[in-house]
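Novice: Pasting a structure here, questions to come.
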Amino acid sequence: LAAAVTTGDRSGLGSRTNEAMRDSGLYHVVSISGMHMGLLVGFVFGLMRTAIALVPPLALRVNGKKVAALVALPVAAFYLMLAGRDVATERAFVMVAVMLGAVLCDRRAVTLRSVAIAALVVLTLRPETLLNPGFQMSFAAVAALAWVFGQGWATRLPRHLGWGAPVAVLMLSSLVAGGATAAYAAAHFNRYAVYGLLANLLASPALGLLVMPGAVLLAAGAPLGLVQPGLLMMDLGCRWVILVAEQVAGIDGATGVVPSPPPLVLPLLTFGGCLLLLWQGRGRLAGLPVIAMAVWLWTTAERPPLLVTETGGVMGVLGPEGRALSRATGDGYAVSAWLENDGDEATQAEAAERPGIVTEGRVSRALIGSGTVLLVRGERALAGIQGCDGAILLITDVAEAGPRPCDVLDGRRLQRIGAAAVWPDDEGGLHIIGAREASGDRPWTRGAVSP
């Protein structure tokens, strides 16, 4: 875990720990992001300011805040090189550099302007990250936090709560960041941690007070052979984080699942959130109905009644108990994506036991709308089917099914159109949409779909 937190190397984490981190809402801890960069730079920045303040002659002659920023900036650059220039780490460095630059220029560091500048820099360097879950979640969290703390709530808390202020600030930060990123996480990963706020409240102090400071002490002391203090701090902090993850993940109902939203949902949520954060005066309330519309679209979204893999070897029919599958094995990657997008936690074997599809040997039948769909695997099984055997759609993994009195999805057609989603139409027939058709007209797919 220490290696994952400091360098992003998750190869040493076992599957049990990985699952516990996901189910507890702490998986962001093992992915280098703004939190890691912020904890490291914040510790170095605070350490330098404190050291300068402890020497009165020095404190009276230099600007401790700017000196601390000048020291923290190369530390952030070194951490970027250490952890690797992946998208998340690069994005975190840009955001930290913008904020430290604001300190050096006598500007407020935590503002929506600094967030906007960081976003422009990141998108200029890597425009494709706009559609990346990490980009969306990072900037949603930072924008929400910058707005909340920009309202002065964090400065009002100490006056009213005294010693309880740090806990209140931590709770506020976790609540704001978790709320801002929850919809994006659920949309991209189809699951959410019910007790994520609790897990983050319990684990964050260990990360900020033990793990990241321990990493700094380890890096500074290693050349001198002084590794034990840093290793001890990181060991204690990581053990606590794993304990919190396992205990929270073990609570009944710790995770929930949701179906994938329609394409319009995330843009609407983002637009509504921007209205709330950026608009001045009461006009910002116009963001609330926009967000409400996005939530309504998400809750009323319908999944395809029938899905077919690109190989033609497996079909899935949506029923009252969830999606039933024609096979317990085969095309596992595609099938797991179906179940995930349905918001279904069942395995392929469990889904294959559901009612809705009748399988005899290599032939499977299902009812879609008012018609029957037939899936046949293998040339020998297909040779035994007369016509379409009463079905309105024949699916097969054989390259050429030959002329049939019904619609046919054979291997050659599926190779052209990709995996297919099938909907019943108002006339008793079926409407088939291929994955390549659904993805739209792109220069790299142009000509791949035949009429």
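Novice: Could you say whether any residue in segment 111-127 is of a type in the set (A, V, I, L, M, F, W, C) and under 19 Å from residue 65 (Cβ atoms)?
Specialist: no
Novice: So which of 16, 22 ends up being open to solvent by 20 Å² or more (accessible area, probe 1.4 Å), over 17 Å from the mean Cα position of the chain (by Cα) and farther than 21 Å from residue 94 by Cα?
Specialist: 16
Novice: Then there's this: So, in segment 112-156, how many residues would count as being in a loop (DSSP other than H, G, I, E, B) and open to solvent by 50 Å² or more (accessible area, probe 1.4 Å)?
Specialist: Selection size over segment 112-156: 3.
Novice: Ok, one more. Just the residues that are without any contact (Cβ under 8 Å) to a residue 60 or more places away in the chain and among the polar types (S, T, N, Q), please, taken from segment 294-337.
Specialist: 299, 300, 326, 329, 336 - these are the residues of segment 294-337 that are without any contact (Cβ under 8 Å) to a residue 60 or more places away in the chain and among the polar types (S, T, N, Q).
Novice: I'm told residue 414 meets every condition in (1) out of contact with any Asp or Glu (no Cβ under 9 Å at 6 or more places or on another chain); (2) in a helix (DSSP H, G or I); (3) over 25 Å from residue 189 (Cβ atoms) except one. Can you identify the failing condition by its number?
Specialist: (1)
Novice: To continue, here is another question. How many residues are more than 22 Å from residue 146 (Cα to Cα), assigned to a helix (DSSP H, G or I) and not β-branched (Val, Ile, Thr) if we restrict to segment 1-58?
Specialist: Count: 21.
Novice: Restricting to segment 246-278, name every residue that is hydrophobic (A, V, I, L, M, F, W, C), within 30 Å of residue 115 (Cα to Cα) and part of a helix (DSSP H, G or I).
Specialist: 265, 266, 268, 269, 271, 274, 275, 276, 277, 278 - these are the residues of segment 246-278 that are hydrophobic (A, V, I, L, M, F, W, C), within 30 Å of residue 115 (Cα to Cα) and part of a helix (DSSP H, G or I).
Novice: In segment 382-407, which residues are touching a helix residue (DSSP H, G or I) at 6+ places or on another chain (Cβ under 7 Å), part of a loop (DSSP other than H, G, I, E, B) and open to solvent by less than 40 Å² (accessible area, probe 1.4 Å)?
Specialist: Of everything in segment 382-407, those that are touching a helix residue (DSSP H, G or I) at 6+ places or on another chain (Cβ under 7 Å), part of a loop (DSSP other than H, G, I, E, B) and open to solvent by less than 40 Å² (accessible area, probe 1.4 Å) turn out to be 398, 401.
Novice: Can you spot a residue in segment 69-82 that is open to solvent by less than 40 Å² (accessible area, probe 1.4 Å), touching a Lys or Arg at 6+ places or on another chain (Cβ under 9 Å) and at negative phi?
Specialist: Within segment 69-82, not a single residue is open to solvent by less than 40 Å² (accessible area, probe 1.4 Å), touching a Lys or Arg at 6+ places or on another chain (Cβ under 9 Å) and at negative phi.
Novice: Considering each residue of segment 246-284, count those that are more than 25 Å from residue 340 (Cα to Cα), open to solvent by 70 Å² or more (accessible area, probe 1.4 Å) and touching a Leu at 6+ places or on another chain (Cβ under 8 Å), and give that number.
Specialist: Total satisfying the criteria: 1.
Novice: Return the residue satisfying two criteria in turn: it lies in segment 338-364 and is part of a strand (DSSP E or B) and free of Cβ contacts under 8 Å to residues at least 24 places away in the same chain, and of such residues it is surrounded by the most Cβ atoms within 10 Å (Cβ to Cβ). Don't jump to the end; show me each part of the working.
Specialist: Looking only at segment 338-364, we keep the residues that are part of a strand (DSSP E or B), and these are 357-360, 363-364.
In the following step, the residues that additionally are free of Cβ contacts under 8 Å to residues at least 24 places away in the same chain were identified as 358, 360, 363.
Values: 358: 12, 360: 8, 363: 19.
So the residue we want is 363.
Novice: Could I ask something else about it? Kindly check whether there is at least one residue in segment 369-381 that is touching a helix residue (DSSP H, G or I) at 6+ places or on another chain (Cβ under 9 Å) and either without any contact (Cβ under 8 Å) to a residue 40 or more places away in the chain or open to solvent by less than 10 Å² (accessible area, probe 1.4 Å) (or both).
Specialist: For segment 369-381, residues touching a helix residue (DSSP H, G or I) at 6+ places or on another chain (Cβ under 9 Å) and either without any contact (Cβ under 8 Å) to a residue 40 or more places away in the chain or open to solvent by less than 10 Å² (accessible area, probe 1.4 Å) (or both): present.
Novice: Please list, ordered by first then second residue, the pairs with beta carbon atoms under 7 Å, 6 or more apart or interchain, first in segment 265-283 and under 14 Å from residue 182 (Cβ atoms) and touching a residue at least 40 places away in the same chain (Cβ under 8 Å), second basic (Lys, Arg) and open to solvent by less than 30 Å² (accessible area, probe 1.4 Å).
Specialist: Correct list of pairs: empty, since none qualify.
Novice: Go through segment 293-316 and give me each residue that's open to solvent by 10 Å² or more (accessible area, probe 1.4 Å) and part of a strand (DSSP E or B).
Specialist: The initial filter retains those residues of segment 293-316 that are open to solvent by 10 Å² or more (accessible area, probe 1.4 Å), namely 293, 295-305, 307, 310-311.
Correct list: 307 only.
Novice: Please determine, by comparing only the residues of segment 95-111 that are among the hydrophobic types (A, V, I, L, M, F, W, C) and modelled with pLDDT under 85, which one is surrounded by the most Cβ atoms within 10 Å (Cβ to Cβ).
Specialist: 95
Novice: Would you mind stating whether residue 370 is closer than 23 Å to residue 320 by Cβ, modelled with pLDDT under 90 and small (Gly, Ala, Ser)?
Specialist: yes
Novice: Out of (1) open to solvent by 30 Å² or more (accessible area, probe 1.4 Å); (2) part of a helix (DSSP H, G or I), what's the single condition that is false for residue 290?
Specialist: Of the numbered conditions (1) open to solvent by 30 Å² or more (accessible area, probe 1.4 Å); (2) part of a helix (DSSP H, G or I), the odd one out for residue 290 is (1).
Novice: Does residue 182 fit the bill of being in a helix (DSSP H, G or I), modelled with pLDDT of 85 or more, open to solvent by less than 30 Å² (accessible area, probe 1.4 Å) and not charged (D, E, K, R)?
Specialist: No; evaluated as a whole, the condition is false for this residue.
Results for (1) without any contact (Cβ under 8 Å) to a residue 40 or more places away in the chain; (2) out of contact with any helix residue (DSSP H, G or I) (no Cβ under 8 Å at 6 or more places or on another chain); (3) surrounded by fewer than 17 Cβ atoms within 10 Å (Cβ to Cβ), shown as yes or no for each residue.
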site: 193; (1), (2), (3): no, no, no
site: 196; (1), (2), (3): no, no, no
site: 199; (1), (2), (3): no, no, no
site: 204; (1), (2), (3): yes, no, no
site: 209; (1), (2), (3): yes, no, yes
site: 213; (1), (2), (3): no, no, no
site: 216; (1), (2), (3): no, no, no
site: 229; (1), (2), (3): yes, no, yes
site: 232; (1), (2), (3): yes, no, yes
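Novice: Out of segment 317-337, which residues are outside any loop (DSSP other than H, G, I, E, B), surrounded by 17 or more Cβ atoms within 10 Å (Cβ to Cβ) and touching a Lys or Arg at 6+ places or on another chain (Cβ under 9 Å)?
Specialist: 317, 318, 322, 323, 324, 325, 335
The values are calculated or read from the model by the stated rules, or taken from the named source; none is laboratory data. Every value quoted in this text rests on a predicted model; they were computed, and no experiment measured them. For neighbour counting, all protein chains shown are included, and Cβ atoms are generated from backbone atoms with ideal geometry for every residue, glycine included. With ligands, DNA and RNA removed, areas are computed over all heavy atoms of the protein, side chains included. Shrake-Rupley method; radii C 1.70, N 1.55, O 1.52, S 1.80 Å.
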